[in-house]
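First comes the structure, then the notes that go with it.
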Amino acid sequence: MKRTKIIVTLGPSLDSLDSLLGVMNAGADVFRVNFSHGSREEHAKRFSLVRQASDRLGREVAIMADLQGPKIRVSRFKNGSVELTAGQRFVLDAALDENAGDDSCVSVDYKTLANDVSPGDVLLLDDGRLTLNVERVEGTRIACCVEVGGKLSNNKGINRQGGGLSAKALTDKDKADLVTAIGLGADYIAVSFPRDASDIEEARELIRKANGDAHIVAKIERTEAVENLDEIIKASDAVMVARGDLAVEIGDAEVPAVQKKIIRRARKFDRLAITATQMMESMIESTVPTRAEVSDVANAVLDNTDAIMLSAESAVGKHPVKVVAAMTRICDAVERQPETKVSGHRVECHFERVDEAIAMAATYVANHLDVAAIVALTESGSTPRWMSRIRTGTPIFALTRNIGSQRKMALYRDVFPIFFDLSLDEHRNPLNEAIAHLKNMGRLQVGDRVIVTRGATLGVDGGTNSLVIHKVE
């Protein structure tokens with residue numbers, strides 16, 4: 001029973017029901033729809049296919065809509081690309097025709113770029129593969145000297161070393177895509193390039209206006225986001241260590257330590273953490289991961305990330321089922337290690353909420369008493385989320401009648417969400433019925449000792465107020 005969750009990016013390699021069933025059986029828990037590519041019709045088809053696969057297997061999964069964010073890119077070249085050499089002069093000019101790029105200059109999609117840079121700044125193109133030193137800024141023209149050259153093709157990204165670009169996180173396209181994603185039933189909305197908590201709060205308000213209840217994932221990929229990390233985490237439901245653009249802005253050597261910090265701070269504030277970018281990059285082509293990739297995934301699990309994410313590996317890769325199976329194999333091996341099952345996290349905390357205190361008590365008992373499982377009867381999923389912040393080798397079965405809560409909990413580490421509804425017959429004993437349900441599913445056996453948490457009244461958000469240690473008869 002893999003406890004760390006796997007997020008799989010959808011794309012051409014997974015555009016069939018059989019392929020989706022394959023990756024779900026291999027261990028996929030959440031599916032990411034990348035709104036940087038594709039039409040509304042393509043997104044709707046992928047949402048529908050995921051739900052079909054979920055129904056076929058009788059297991060709810062979550063869908064994450066990943067917004068594109070500000071498009072800070074060069075425009076297009078007359079011949080599709082140019083070759084830049086070190087020492088060459090090259091101009092970025094927002095006023096140039098968008099299709100007129102050549103080996104001396106090119107337009108940029110971000111029309112106010114010249115307002116954000118000064119002589120001496122370093123611009124990194126195509127994920128840092130090319131480096132330009134800014135020499136002069138004249139109106140819309142940014143005159144540069146090429147420091148590190150190479151091939152530059154259409155629509156490649158631009159970053160300013162050290163951050164500082166003022167583009168807003170939510171563009172007009174993102175706002176429209178967010179409404180589309182809510183209409184399609186997204187469980188999570190990922191906000192790209194947030195600078196501070198206000199970007200997350202704006203997305204939250206847009207979700208509310210669209211009558212949605214999706215949770216928000218803040219993608220940490222700007223220097224400013226690292227500087228404002230705590231406030232962004234508190235405003236979000238989850239954070240993603242988006243290592244691609246983050247590495248370009250702060251430097252690739254800085255990313256490992258920042259990754260650990262992001263995961264640690266997310267857990268401190270009871271939020272989820274996702275580790276992403278190039279985790280199994282070689283498996284776009286290869287049938288097996290490199291040893292370095294195995295270590296990368298394993299170390300993220302050891303650091304207590306809630307989820308690990310695949311991008312191109314699953315979207316366009318040749319072996320999406322094999323790559324998910326490889327990730328599952330690594331998670332299983334790491335999660336057998338004793339250090340992944342014991343935690344002193346939050347032992348000294350004072351709790352204001354009863355349900356949060358019950359969650360902490362349940363995980364403490366699980367780590368100090370021989371129990372087979374924690375069974376949480378929940379409406380919103382808050383109690384299982386708090387439980388998932390504490391390392392424990394004990395599975396947390398979260399029983400809920402709320403499909404939306406069930407799907408969101410698919411992202412929570414250690415939590416196995418299960419549909420369970422007693423609302424039609426309030427006279428039945430919830431504890432006995434929950435245990436019987438799990439026995440019928442093969443999750444519990446006679447003689448197992450379990451911890452059960454529930455509220456005095458079923459169907460009330462935040463109402464968990466009791467903990468029972470129960471022996472399965």
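Read-outs throughout are calculated quantities, based only on the coordinates presented, and are distinct from any laboratory measurement. Everything numeric in this text was worked out from a predicted model, so none of it was measured. Backbone-built Cβ (ideal geometry, glycine too); neighbour counts: all protein chains shown.
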Of the cross-linked pairs K71/K260; K168/K268; K234/K268; K234/K261; K219/K260, which ones have a Cα-Cα span greater than 19 Å in the structure shown?
-> K71/K260; K168/K268
Taking the highest mean first, how do the peptides 90-102, 372-384 order by number of other beta carbon atoms within 10 angstrom per residue?
-> 372-384, 90-102
Using a/c under 1.5 as the rounded threshold, could you call the range 81-160 rounded, prolate or oblate? The axes a ≥ b ≥ c are square roots of the C-alpha gyration tensor eigenvalues, and prolate needs a/b larger than b/c, oblate otherwise.
-> rounded
Which of rounded, prolate, oblate describes the range 354-471, given a ≥ b ≥ c as roots of the alpha-carbon gyration tensor eigenvalues and a/c under 1.5 marking rounded, otherwise prolate only if a/b is larger than b/c?
-> rounded
What residues qualify as long-range amide H neighbours of Q88, i.e. H under 5 Å apart, gap of 5 or more or another chain, H built at 1.01 Å from N?
-> V146
Under 5 Å from the placed amide H of A242, counting only residues 5+ away or on other chains, we find I220
In whole Hz, the Karplus estimates of ³J(HN,Hα) for the range 109-121 (6.51, -1.76, 1.60; θ = phi - 60°; x where Gly or Pro) are 6, 8, 6, 9, 4, 4, 6, 9, 10, 9, x, x, 5
Restricting to the range 354-471, what percent of DSSP beta bridges are antiparallel, rounded to 5?
-> 35
HN-Hα J couplings of the range 63-75 from phi, Karplus 6.51/-1.76/1.60, θ = phi - 60°, integer Hz, Gly and Pro as x?
-> 10, 10, 9, 9, 6, 5, x, x, 9, 9, 9, 5, 7
Whose amide H sits under 5 Å from the amide H of L96, counting only residues 5 or more places off or on another chain, with H placed in the peptide plane?
-> V108
Using the per-residue mean of other Cβ atoms lying within 10 Å as a proxy for protection, in what order, highest first, do the peptides 252-259, 390-397 fall?
-> 390-397, 252-259
Each residue of the range 50-59 in order: what ³J(HN,Hα) in whole Hz does its phi give by Karplus 6.51 cos²θ - 1.76 cosθ + 1.60, θ = phi - 60°, with x for Gly and Pro?
-> 4, 5, 5, 5, 4, 4, 4, 8, x, 9
Among rounded, prolate and oblate, which fits the range 1-154 when a ≥ b ≥ c are the square roots of the eigenvalues of its C-alpha gyration tensor, a/c under 1.5 means rounded, and a/b larger than b/c means prolate?
-> prolate
Straight-line reach from K111: which aspartates and glutamates have a Cα under 13 Å away, not including same-chain ones fewer than 8 places off?
-> D93, D97, E98
